[in-house]
Amino acid sequence: MSIRFILTYFMVFCLGLLNILICARMAKTYRLKYLTYYLYFLITFNITALYGDVPENSGLFMGSNSLLIIKIGGILSALLGTPMILTAIYMFTFLITGLLEQKIPRSLKIGHFIFSGVVFMGYILMTANYFETGDDKFLMIFLGYSMKVFIIIFLSILIYLFTQTGDISDLDRRKSLRIFGGLHTAIFLYISAFNLGIKPFSFLPQTLFIFIIFSLHLLPLLYWKQFLKRRQTEFIPPPLLSQYNISKREAEIIRLLLKGKNNKEIEDELFISINTVRNHVYNIYQKLGVKNRVELVNFIRNSTGSIS
């Protein structure tokens, strides 16, 4: 095994770890549930990419006598990596629906578990057939098509994101979600092209394929980090709510105030009377020790910054 191979995977590991640490920091700072799913997605996707790519690329640096070992290693990595990629799909679905402030239907959750069970059992049966007959034809076909299906699922989730952003009234958030989705689309299109035998950046060594994937994953992550930083006053850390005894309804009103909504707009959005809105706003000011909306914004910004 060459030094180049070892160095490449060391750099990939460090890059993947950087992705995870950045996302973990974001999840800790903003306390947004979808960021936790983003973190789980990155962990499972990175493990799958690292684990699944090693047997194939290590073959570039081994003799032909080790071909059987490489093939068996690839089969085992696919078997062990399958639960990871299926989990990554599940977490990515939660991430996108969380960004859209939607919930996943129960039927879709059940469908995912059924699909995962069918795929995994298919791998087991095809692998058993290979070890019994020595013919890997059907296994390779199954592996190839399942990877294409996985990519199609990821792209379908992103298409759903694009179709739903039209209903978002916040123009900045709508634009940011589309850019975020577009960056992820570029990642999966790159993987898809490589899977189909079309190799972008073919002038680079094959071992750098996974390095490019991990590098591309940094782009949407860092972009969303900047979006959250720009809009940080909209996110109220749970410890802050408990510390000042802010009720669930008051937290909703605070978020709307931070978005620049006036009392009438809050009345319309929450379906409560204008007097109720005024009473809640007064109570919020009293609890937080602020006198107006400007002080409220500064208070939340400073509180979020101190927690991060």
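A few remarks follow.
- Those residues of the range 101-150 which are closer than 30 Å to R178 by Cα, surrounded by fewer than 16 Cβ atoms within 10 Å (Cβ to Cβ) and of a type in the set (A, V, I, L, M), in sequence order: I104, L108, I110, V149
- P200 vs. criteria modelled with pLDDT under 75 and either assigned by TED's automatic domain parsing to the domain that holds A49 or touching a Leu at 6+ places or on another chain (Cβ under 7 Å) (or both): yes
- Filtered residues of the range 1-16 (kept if within 21 Å of the chain's Cα centre (by Cα) and in contact (Cβ under 8 Å) with a residue 12 or more places away in the chain): V12, F13, L15, G16
- Some residue of the range 97-110 being under 23 Å from S215 (Cα atoms) and part of a helix (DSSP H, G or I): yes
- Yes/no for Q226 being in the same structural domain as F10 (by TED's automatic domain parsing) and polar (S, T, N, Q): yes
- Total residues in the range 21-40, condition of a type in the set (A, V, I, L, M, F, W, C) and touching a Pro at 6+ places or on another chain (Cβ under 6 Å): 0
- Within the range 160-185, the residues that satisfy the criterion of being without any contact (Cβ under 8 Å) to a residue 40 or more places away in the chain and surrounded by fewer than 13 Cβ atoms within 10 Å (Cβ to Cβ) are T163, G166, D167, S169, L171.
- Unique match (being of a type in the set (A, V, I, L, M, F, W, C) and touching a helix residue (DSSP H, G or I) at 6+ places or on another chain (Cβ under 6 Å)) among M140, M147, M121: M147
- Residue ID - nearest to K287 (Cα to Cα), chosen from residues in the range 227-274 that are of a type in the set (F, W, Y), at pLDDT 85 or above and surrounded by 14 or more Cβ atoms within 10 Å (Cβ to Cβ): Y244
- Residue satisfying all of: in the range 140-189; polar (S, T, N, Q) and part of a helix (DSSP H, G or I); farthest from G98 (Cα to Cα) among these: S146
Okay, residues lined up against (1) aliphatic (A, V, I, L, M); (2) assigned by TED's automatic domain parsing to the domain that holds T87; (3) within 18 Å of M91 (Cβ to Cβ):
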residue: F113; (1), (2), (3): no, yes, yes
residue: G117; (1), (2), (3): no, yes, yes
residue: L125; (1), (2), (3): yes, yes, no
residue: G134; (1), (2), (3): no, yes, no
residue: M140; (1), (2), (3): yes, yes, no
residue: K148; (1), (2), (3): no, yes, no
residue: I153; (1), (2), (3): yes, yes, yes
residue: D172; (1), (2), (3): no, yes, no
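- Residues in the range 17-30 that are within 13 Å of the chain's Cα centre (by Cα) and either over 22 Å from H184 (Cα atoms) or in contact (Cβ under 8 Å) with a residue 40 or more places away in the chain (or both): N19, I22, C23, M26.
The values are calculated or read from the model by the stated rules, or taken from the named source; none is laboratory data. Because the structure is predicted, anything quoted here is derived from the model rather than measured. Every residue, glycine as well, gets a Cβ built from its backbone with ideal geometry; the counts of neighbours run over all protein chains shown.
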